[in-house]
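The values are calculated or read from the model by the stated rules, or taken from the named source; none is laboratory data. Note that the structure is a prediction, hence the values are computed from the model and not measured. When we count neighbours, we look across all protein chains shown, and the Cβ atoms used for this are built from the backbone with ideal geometry, even at glycine.
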Amino acid sequence: MHELSVAQALVEQVEDLASQHGATGVYLIRVRIGPLAGIEPELLAVAFPLAAAGTRAEQARLDLVMAPVRVRCQTCSAEGEAQPNNLVCGACGDWRTRIVSGDEMILETVELDIPEPIVS
Amino acid sequence: MCDTCGCNVTPGNAKFAYQPVVPGSTAVSVLQGLLKKNDDQAAHNRAHFDRRGILAINLMSAPGSGKTALLEATIAALKGQFKIAVIEGDLETENDAERIRAQGVAAHQIVTGSACHLDAHMIHDALHHMDLADLDLLFIENVGNLVCPASFDLGQHLNIVLLSVTEGDDKPAKYPVMFRGADAVLLTKTDLLAVLDDFDPDKAERHIRNLANPAPILRLSARKGEGMMAWLVWLQGQLIEQRKRVEAGATQRPASQPEGARLHTETA
């Protein structure tokens with residue numbers, strides 16, 4: 001499944017961030033996923049250790065935060081929760097809504113182990 | 001994901017941007033799309049297409065919904081008017097590319113092995129094997145799969161999703177990620193509706209609207225030529241739109257999240 005591709009992309013991104021900040025390790029990777037991102041969180045969690053093996057992210061805890069599906073109605077402007085396969089407005093029933101949350105797949109935060117610079 | 005920085009921040013999730021720091025570690029707030037590398041490559045592909053005035057279309061569906069048959073009929077109708085090329089994605093075989101070449105247009109086959117989708121890097125590699133000079137239309141026939149291809153931007157301008165009447169009319173409800181991202185949905189093999197009484201095109205349409213997708217829904221049979229005219233007219237309209245955009249120095253991303261950039265700007 002494509003979750004392995006996503007896990008590899010995630011580890012690559014985290015490695016880049018670790019390099020940019022001179023980090024030696026990664027404690028935590030927090031990812032926010034919406035049901036409409038097309039990613040199965042459980043499969044991503046299974047794929048992650050395979051992708052992270054041998055990298056600075058190897059010991060990192062992967063924290064997957066699920067985003068709710070929320071829509072804003074373009075007709076009545078109401079905002080509310082919706083189902084992934086039913087995005088109609090809960091207030092007025094119109095289908096012309098826009099997703100406010102629920103289709104994201106975002107690397108939110110990484111917590112890095114950055115050694116103190118040695119002062120001589 | 002938005003055009004400005006590759007991230008996906010909306011008013012709905014912006015409050016999650018900053019998290020407390022665990023003692024002894026340094027938290028870095030990133031807020032980048034997980035597929036940033038793919039998205040960057042996709043943007044690069046799209047810039048390639050725009051520079052050459054090409055309209056790039058990603059065809060997605062379940063296996064056997066008639067993507068290649070649609071392309072054969074479309075090419076046969078339009079090849080005198082436009083220069084067309086096709087990138088084919090399959091796990092194995094050159095069969096589809098050969099079917100396209102038999103129509104007299106260039107086709108490049110990407111054999112993915114076991115990969116369930118195309119990504120922007122595969123498309124970029126394929127582009128280097130193709131002659132893009134004077135090309136008007138590039139079709140990318142994705143791997144037959146209603147799940148994985150939906151998550152990968154290839155650099156296309158439009159997503160076309162096919163649903164054949166031999167499948168269930170509730171497929172849009174079962175695969176919302178795919179059908180929500182369609183710029184047009186084609187109900188294919190409609191000549192079989194006469195003998196299949198369990199597919200209700202109106203029901204399929206309602207399921208698509210329930211995904212808040214305003215995309216046109218066209219009913220056609222590529223084999224019998226039914227409904228092809230509306231599809232060809234729509235396609236030529238899109239080509240005119242693309243030429244206007246190119247002239248204006250603008251571009252278009254496929255339907256999945258047209259609001260991303262605007263919402264992000266409002267947040268910032």
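For the structure I just gave you, tell me whether B:LEU35 is crowded, with 20+ Cβ neighbours inside 10 Å, at pLDDT below 90, facing chain A (nearest Cβ under 10 Å) and closer than 20 Å to B:PRO254 by Cβ.
Spelling it out, B:LEU35 is indeed crowded, with 20+ Cβ neighbours inside 10 Å, at pLDDT below 90, facing chain A (nearest Cβ under 10 Å) and closer than 20 Å to B:PRO254 by Cβ.
Would you pick out the residues in region B:74-94 that are within 15 Å of B:ALA106 (Cα to Cα) and either part of a helix (DSSP H, G or I) or touching a residue at least 40 places away in the same chain (Cβ under 8 Å) (or both)?
B:THR74, B:ILE75, B:ALA76, B:LEU78, B:PHE82, B:LYS83, B:ILE84, B:ALA85, B:VAL86, B:ILE87, B:GLU88, B:GLY89 - these are the residues of region B:74-94 that are within 15 Å of B:ALA106 (Cα to Cα) and either part of a helix (DSSP H, G or I) or touching a residue at least 40 places away in the same chain (Cβ under 8 Å) (or both).
Return yes or no: is B:ASN213 touching a Lys or Arg at 6+ places or on another chain (Cβ under 7 Å), buried (at least 20 other Cβ atoms within 10 Å of the Cβ), within 14 Å of chain A (Cβ to nearest Cβ) and in contact (Cβ under 8 Å) with a residue 40 or more places away in the chain?
Yes; evaluated as a whole, the condition is true for this residue.
Filter region A:12-36 down to the residues that are touching a helix residue (DSSP H, G or I) at 6+ places or on another chain (Cβ under 8 Å), hydrophobic (A, V, I, L, M, F, W, C) and surrounded by fewer than 24 Cβ atoms within 10 Å (Cβ to Cβ) and list them by number.
A:ALA23, A:ILE33
So which residues in region A:6-34 are free of Cβ contacts under 8 Å to residues at least 60 places away in the same chain and facing another protein chain (nearest Cβ under 7 Å)?
Selection gives A:ALA9, A:GLU12.
Residue by residue, here is whether (1) facing chain B (nearest Cβ under 7 Å); (2) aliphatic (A, V, I, L, M); (3) over 30 Å from B:GLU205 (Cβ atoms); (4) free of Cβ contacts under 8 Å to residues at least 60 places away in the same chain holds:
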position: A:ILE39; (1), (2), (3), (4): yes, yes, no, no
position: A:LEU64; (1), (2), (3), (4): no, yes, yes, yes
position: A:GLN74; (1), (2), (3), (4): no, no, no, yes
position: A:SER77; (1), (2), (3), (4): no, no, no, yes
position: A:PRO84; (1), (2), (3), (4): yes, no, no, yes
position: A:VAL88; (1), (2), (3), (4): yes, yes, no, yes
position: A:CYS92; (1), (2), (3), (4): no, no, no, yes
